[in-house]
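The structure under discussion appears below in the form of structure tokens.
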Amino acid sequence: AKLNTLAKAASKLYFGTATDNPELTDTGYTAILDDNTQFGQITPANSMKWDAIEPEQGVFTFTEGDQIADLAMTNAMLLRGHNCVWYNQLPSWVSDGTFTVAQLTSVIQNHCSTLVGHYKGQVYAWDVVNEPFNDDGTWRTDVFFNTLGTSYPQIALEAASQADPNAKLYINEYNIEFAGPKATALLSLVESLKSAGVPLDGVGFQCHFIVGEVSGSGLQTQLSTFAAQGVEVALTELDIRMTLPETPALLAQQKTDYNSVITACMSVESCVGITVWDWTDKYSWVPSTFSGQGAACPWDENFVKKPAFDGIAAALSA
Ligand code: G3I
């Protein structure tokens, strides 16, 4: 079974994965990555972020982003752009800058339109705004909110829309996969942007989960609730981590959890696709961020499929 083939047969647009430039020198890795029957979509994990793209004001460096975009084109894969405006991996000229409202507005407009315009026609969807809220539903007090208040998503979305009118424009967030203050806050932002006619096409559910703590039915409810606002939805950064060492019981639970997450997307027509946040444990972001945790991906670090793979395949073909 190949995951993208199964997803497309079930009327989804893609099953895809994150990837990152340093991994592309690993021929064992690329031998599996390059198979578009397995992965019909890729997302650059780092190389289109602000610190990579515009490290100094007005100086744009697209080399690494281009490498990922070229790979998508060579392999006939969809590309998700990630991302335009985010509090993290922001160069200090932005995060520490003292900008007036007018100055920061033009900084955002210039960054978004140059980035999105550079890849015009090559990107299926852009994460235009990434992670705007705290878990308690308040806005993150980053340079964007502190200077511009709640208006900055509109500024970024409008600039992106002008630069590539055919790309789907998303807000991407985590901890909205279950009911709670963060999901409520984002839902009301989506409602107000849609009713103001701001170009917003989608909401990305990151889906960084923990084995044994996954509610597929809760996720399905949230996907449907957001879709009812007239946006498409997608699972954009799926992985399901565990406390190491991995055991047969944890791997079996992980298979169940992957299955129920994929089933949630399959059950919601507006859920267009699924992206894992890299397919192999060898290149997962988890161990370096959460000490003692890992094994979050459907292939192990030796590129051997785990039970999770079968859980995904079963849900895609159900
Ligand atoms: O680029 C430097 C390099 O110069 C340096 O030598 C090296 C030494 O540690 O660090 C490199 O930067 C690292 C960067 O990845 C590129 O490899 C950072 O330390 C590291 O923190 C960074 O991690 C990324 C993380 O975002 C940062 O927040 C992960 O790879 C990436 O997978 C992760 O992705 C995020 C999504 O963008 C948004 N949602 C959450 C998700 C997981 O955190």
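Some notes on this structure:
- Here each label is just a point 7 Å from Cα along the line to Cβ, and for Lys120 and Ser224 those points are 4.1 nm apart.
- When the alpha-carbon atoms of the stretch 1-112 are used, the pair Rg, Dmax equals 16.9, 54 angstrom.
- Peptides 90-103, 216-229, 115-128 ordered by average Cβ neighbours within 10 Å, highest first: 115-128, 216-229, 90-103
- Fluctuation leader among Ala295, Ala163, Ala76 - the chain, Gaussian network, Cα springs under 10 angstrom: Ala76
- Alpha-carbon Rg/Rh ratio, for the chain, with Rh computed the Kirkwood way: 0.95
- Separation in nanometres of the label points that stand 7 Å from Cα toward Cβ, at Ile210 and Ala102: 4.9 nm
- Amide H contacts of Gln293 (H built 1.01 Å from N, under 5 Å, at least 5 apart or other chain): Leu244
- Of the chymotrypsin sites (Phe, Trp or Tyr not before Pro) in the stretch 1-57, not one is in a loop by DSSP (not H, G, I, E or B) with at most 10 other beta carbons within 10 Å.
- Acute angle (nearest 10 degrees) that the helix 101-118 long axis makes with the longest principal axis of the chain, alpha-carbon atoms: 50 degrees
- Helix axis angle, 152-163 relative to the chain longest principal axis, alpha carbon, degrees: 80 degrees
- Each label point was placed 7 Å from the Cα along the Cα-to-Cβ direction; for Asn146 and Thr243 their separation is 3.6 nm.
- DSSP bridge orientation in the stretch 174-318 - percent antiparallel, rounded to nearest 5: 20 percent
- Amide H to amide H distances under 5 Å link Thr275 with Gly16, Leu235, Thr236, Glu237, Leu238, where only residues 5 or more positions off or on other chains count and H is placed in the peptide plane.
- Distribution of pairwise C-alpha distances over the stretch 95-245, 10 Å bins, in %: 11, 38, 34, 14, 2, 0
- Ordering Trp126, Ser161, Trp86 by Cα displacement along the dipole of the stretch 62-199 toward the positive end leaves Ser161 in first place; charges were set at the Cβ atoms of Lys, Arg (+1) and Asp, Glu (-1).
- Within the chain, percent of DSSP bridges classed antiparallel, to nearest 5: 15 percent
- In sequence order, calculated HN-Hα J values of the stretch 296-304 (Karplus, 6.51, -1.76, 1.60; Hz; x Gly/Pro): 8, 9, x, 10, 7, 6, 9, 6, 8
- Whole-Hz couplings from phi, Karplus 6.51/-1.76/1.60, listed for the stretch 54-61; x for Gly and Pro: 9, x, 10, 4, x, 9, 9, 10
- Whole-percent carbon and sulfur share, accessible surface of the chain, 1.4 Å: 50 percent
- Accessible surface, per residue, of the chain when the full set of protein chains is kept, probe 1.4 Å, Å²: 38 Å²
- The stretch 162-235-the stretch 80-137 distance, computed between alpha-carbon centres (Å): 18 Å
- Backbone phi angles across the stretch 252-266, fed through the Karplus curve with coefficients 6.51, -1.76 and 1.60 (θ = phi - 60°), yield HN-Hα couplings of 5, 5, 4, 4, 4, 5, 4, 4, 6, 5, 5, 4, 4, 5, 4 Hz in residue order; Gly and Pro are listed as x.
- Seen against the Cα atoms of the chain and their longest principal axis, helix 63-74 is set at about 50 degrees.
- Against the compact-protein benchmark of 2.2 N^0.38 Å, the Cα-based radius of gyration of the stretch 180-318 scales to 1.10.
The values are calculated or read from the model by the stated rules, or taken from the named source; none is laboratory data. Predicted model, so just to flag it, every value in this text is computed and none were measured. All Cβ positions, glycine included, derive from the backbone under ideal geometry; neighbour counts span all protein chains shown. Accessible surface is based on the protein model in full, side chains and every heavy atom, while ligands, DNA and RNA are left aside. Shrake-Rupley method; radii C 1.70, N 1.55, O 1.52, S 1.80 Å.
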